[in-house]
Amino acid sequence: MTDTALPAVTDRTAIRTCLMRYGRAIDQGDEALLRSSFHPHAVIEMGPVGTEITVDGFAEAMVAASGTLTLGRHVITNHRVDRSGDVAWSEAYYLATMLPLRAAEVPWTATFMAGRYADRFERRDGQWRIAHRQMIAEWHATAPSLEPGDAPAAAACTSNSLDCFGDQHANTESYSLDVRASRDGLTMAGGRISADWVRGPSAWVLEERRSVADWAVQLTGEITAQTPAVTGQTTRRDEQGHTHDVAEVEERVLARARALDRLDTQLLDEVHAYPGAGRSVLERARDAAATQHHVLDGTTDVAGDYARHEAPVLVMRSAGPGATTLEGARELVELERTNDVWRITSATSTPLWRADLDDAGMAAFLHARGARARRDRDDPTYARG
């Protein structure tokens with residue numbers, strides 16, 4: 001994916017909405033909704049290199065799998081798009097949380113799986129849908145599950161907003177995540193936040209907000225800072241003409257996360273304002289066999305040639321068998337625009353919590369789904385599909 005001119009905001013929104021629709025379809029076991037994310041005859045690569053499946057086979061397998069679960073939640077983050085005409089290349093991270101059906105006298109265990117979707121979208125008859133997908137597995141862990149009612153339904157951070165806007169009324173739904181200290185370590189809870197909106201004279205006005213707890217797990221770990229996570233959805237400043245600037249700023253922030261995960265010195269140099277940024281930043285990132293930096297919903301503010309992006313970040317880090325962690329942080333990125341190009345001038349990460357996870361199933365997971373991507377710029381899974 002290149003870091004050249006961004007596609008039109010409307011195209012980006014349509015492609016992102018398709019991805020969010022896919023996530024909801026998987027979680028709900030909705031075959032019709034799942035198929036609506038793909039063009040007919042689309043191809044999905046999953047498992048070892050060269051293993052392909054049709055949309056029909058994929059839809060049938062996913063719906064069958066959903067019948068074995070009490071709940072599934074696919075959080076999709078770090079979405080980046082590079083468009084050329086009616087073709088667009090998209091990459092997004094995913095974090096799937098799955099609870100199996102309850103079985104008597106068997107410990108109830110949640111499974112976390114993470115990786116990337118590398119997609120080629122095509123616009124046909126005005127509709128952006130997936131024509132080719134490569135699913136790259138990166139991470140697997142488990143944790144003891146709790147009853148959702150045993151954990152707070154507060155939303156420290158949100159993601160996966162799926163918005164439906166009409167002329168006068170709108171509905172939004174996001175997935176929520178909250179991590180708090182408990183007697184036995186940490187409790188992480190997930191849920192959904194839905195809201196109804198009505199158009200006012202100059203802005204949308206909130207009518208009703210609902211929060212539902214879906215799942216909770218017990219983690220072994222600790223709170224590392226008492227600073228609250230950033231809340232809220234990304235600020236869009238249409239009335240000030242900053243929509244394109246916001247999109248460019250967010251693109252730079254996500255490019256930085258991607259570069260950290262693949263140890264891409266060249267990309268880090270491109271998105272930072274100071275020389276030698278890549279080498280200095282990566283000196284602190286080489287201690288893990290694999291990482292994923294999930295940038296969740298935050299706020300983006302633009303004032304002239306200065307911008308500030310603040311968001312909660314989930315970091316999955318694996319340094320080898322038995323050394324897998326999930327970490328939460330709050331990240332503040334500042335940018336300046338020079339010669340019409342936004343570049344990062346500073347990035348500060350404040351650790352909030354850290355949890356150790358059971359990764360005993362990691363090797364089998366990666367073997368079944370193909371080797372984990374290498375952490376280098378030339379890995380083929382980072383190329384356009």
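If the condition is being farther than 17 Å from GLU251 by Cβ and either over 24 Å from the mean Cα position of the chain (by Cα) or among the small types (Gly, Ala, Ser) (or both), then segment 322-338 contributes GLY322, ALA323, GLY328, ALA329. Note on segment 62-81: among residues that are part of a helix (DSSP H, G or I) and under 24 Å from ILE15 (Cα atoms), the one that is modelled with the highest pLDDT is MET62. Taken residue by residue, segment 134-145 has no member that is modelled with pLDDT of 95 or more, farther than 25 Å from ALA259 by Cα and more than 13 Å from the chain's Cα centre (by Cα). Take the residues in segment 193-222 that are crowded, with 17+ Cβ neighbours inside 10 Å and in contact (Cβ under 8 Å) with a residue 60 or more places away in the chain, then tell me which one is nearest to LEU99 (Cα to Cα). Across segment 193-222, the extreme among qualifying residues is TRP215. When segment 161-192 is filtered for residues that are closer than 20 Å to PRO351 by Cβ and of a type in the set (Asp, Glu), only ASP178 remains.
In segment 252-266, the qualifying residues are those that are hydrophobic (A, V, I, L, M, F, W, C) and touching a residue at least 60 places away in the same chain (Cβ under 8 Å), and the one that is surrounded by the most Cβ atoms within 10 Å (Cβ to Cβ) is VAL253. In summary, ASP264 fulfils each of the numbered conditions (1) modelled with pLDDT of 80 or more; (2) touching a helix residue (DSSP H, G or I) at 6+ places or on another chain (Cβ under 9 Å); (3) closer than 19 Å to THR299 by Cα with the single exception of condition (3). Within segment 69-114, the set of residues being surrounded by fewer than 21 Cβ atoms within 10 Å (Cβ to Cβ), basic (Lys, Arg) and touching a helix residue (DSSP H, G or I) at 6+ places or on another chain (Cβ under 7 Å) comprises ARG80, ARG83. For segment 81-91, a residue qualifies if it is farther than 30 Å from ALA143 by Cα and in contact with a Lys or Arg (Cβ under 6 Å, 6 or more places away or on another chain), and the qualifying residues are VAL81, ASP86, TRP89.
Going through (1) at pLDDT 90 or above; (2) surrounded by 17 or more Cβ atoms within 10 Å (Cβ to Cβ) one by one, ARG12 falls short only on (1).
Residues in segment 92-116 that are part of a loop (DSSP other than H, G, I, E, B) and either in contact with a Phe, Trp or Tyr (Cβ under 8 Å, 6 or more places away or on another chain) or closer than 16 Å to THR142 by Cβ (or both): LEU101, ARG102, ALA103, VAL106, PRO107, TRP108. A count restricted to segment 18-61 and to residues that are farther than 23 Å from ASP214 by Cβ, part of a loop (DSSP other than H, G, I, E, B) and modelled with pLDDT of 90 or more stands at 1. Quick check, is LEU34 in contact (Cβ under 8 Å) with a residue 40 or more places away in the chain, buried (at least 16 other Cβ atoms within 10 Å of the Cβ) and farther than 19 Å from GLU138 by Cα? The answer is no for LEU34.
The residue that is nearest to GLU251 (Cα to Cα), counting only those in segment 344-365 that are in contact with a Lys or Arg (Cβ under 8 Å, 6 or more places away or on another chain) and either buried (at least 16 other Cβ atoms within 10 Å of the Cβ) or modelled with pLDDT under 90 (or both), is ILE344. Taking segment 37-83 as the range and being polar (S, T, N, Q) and without any contact (Cβ under 8 Å) to a residue 40 or more places away in the chain as the test, the residues that pass are THR54, THR68, THR70.
Count of segment 316-341 residues, restricted to those that are in a strand (DSSP E or B) and surrounded by fewer than 22 Cβ atoms within 10 Å (Cβ to Cβ), is 11.
The values are calculated or read from the model by the stated rules, or taken from the named source; none is laboratory data. What you are looking at is a predicted structure, and each value in this text was computed from that prediction instead of being measured. Please note: Cβ atoms are built from the backbone with ideal geometry, for glycine as well, and neighbour counts cover all protein chains shown.
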